[in-house]
Each structure stands twice: as structure tokens, then as C-alpha cells.
Amino acid sequence: MGAVSKTRELESRLERLEQQLQLFKRVSRLMTRDLDLEAVLNEIVRLIQDFLDCDSCLIYLVEDEELALSASTEETKAKIGRVRLRLSEGLTGWVARERRLVAISQEAYNDPRFKFFKELPQDLFEAFLSVPIISQNKVVGVINVQHQAPRIHTGSDIEMISTLGEQVGCLLVLSRQKSGAILSAGV
């Protein structure tokens, strides 16, 4: 019985690794398409939500020394661009400022760094995983993943979301280069 259990566990882990590889391939392909940044970020949110089976995924980008909500799951799409926080505010600001990830399995709203936003229903969710988006050795944003119920984030999930943060950072560089090319072509 132990061998069967071990085999099933290995098969499950292998299947999850295959899913992770497919996710990275999809994001990589987004980097080669001629899509606008908003469309790409929304697709990344959808991919993360599907992969982690999370209740919420939010992407904040640094704009004028603040973090601006730039992509989200359906429930908060209307808040994009309207929710902003300073780098000194909340868990999200802490992640950006410290260049470190945060993984809280339950009662994230009780963390002393937490800042409540009445516009975001996710603020009442239990589990919180947040990673910096880094580009050219600078934090350019943050990805937040939240679950309504308590959840322990696996090392694999944390590594996956951290790698996605790096890929999104590359996407931002490509997007800026494209914008610069369009600007210089128009001059």
C-alpha cells in the first residue's frame, strides 16, 4: 500500500510540474505577441487564478512613487487605476519597499503591516501571497494572490509566482521599449 501511495504522490507532483511548465510557456508566448500591456497583464491574472485556484489576483505597478492597481480578477476590475497606495502602506507596499515576498496562510488582515481598503473585498480574505515584480534590478510592481479560506502556500507555488514576477518585469521592459520605439518613430 505504501508503494501505491508514493507512486500517486509522485504522479501528482509530476502533473503539477507539467502544469507549471505550461503556465511559464504561456506567459513566455505573451512576451512575443504584439498585445498592449493591459491585455497581457489581464491574461497573466487569469493564468495565475487558474493555476493557483485563487479567489483573487491583483497586479500593482509603480507609478509616480505609488503602487497603482493595474490588473485584477473580475470582482475589482472597476477599481483598476483608482486604488493606489504609497510604498510605505500595507503588505503590498512592504513587499515593494523591502523587495521580499510575503506568504500568510490565514488571517492576513491581522498582520500589523496590513492596510484595509474598503474598495477591495479581498481585504477580508484569509490567505495572502505577494511577490515583487522586478525589472532591471528595480521593483516595478507587486503581484498579490489571495484566498478566501486559509491556505498554506507550497514552496513550489511561491517559486512559481516569484518567477512570474520576474517574467512580468521583462514584459514591462518590452512594453516600454515598444512605447519608446513608437514615440521615436513618430518624431
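Carbon and sulfur: what percent of the chain's accessible surface (1.4 Å probe)?
51
Taking a ≥ b ≥ c as the square roots of the eigenvalues of the Cα gyration tensor of region 65-108, is the shape rounded (a/c under 1.5), prolate (a/b larger than b/c) or oblate? Write down the numbers at each step before the final one.
Values: a/c = 2.43, a/b = 1.26, b/c = 1.93.
Verdict is oblate for region 65-108.
Using only the Cα atoms of the chain, build the gyration tensor, take square roots of its eigenvalues as a ≥ b ≥ c, and label the shape rounded, prolate or oblate: rounded if a/c is under 1.5, else prolate if a/b is larger than b/c, else oblate.
Judged from the Cα gyration tensor, the chain comes out oblate (a/c at least 1.5, b/c at or above a/b).
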If the cut-off is a Cα-Cα distance under 15 Å, which aspartates and glutamates reach Lys79, setting aside same-chain residues fewer than 8 apart in sequence? Glu38, Glu119, Asp123
1.4 Å probe accessible area per residue over the chain, in Å²: 56
Here the net charge surrounding His153, from other residues whose Cβ is less than 15 Å away from its Cβ (Lys, Arg +1; Asp, Glu -1), is -4
Find the centroid of the Cα atoms in region 76-104 and in region 9-23, then give the distance between the two in whole Å. 30
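The values are calculated or read from the model by the stated rules, or taken from the named source; none is laboratory data. Worth saying up front: this structure is predicted, and the values here are computed from it rather than measured. FYI the Cβ positions are ideal-geometry reconstructions off the backbone, even for glycines, and counts take in every protein chain you see. The area values use the complete protein model at the heavy-atom level, side chains included, leaving out ligands, DNA and RNA. Shrake-Rupley method; radii C 1.70, N 1.55, O 1.52, S 1.80 Å.
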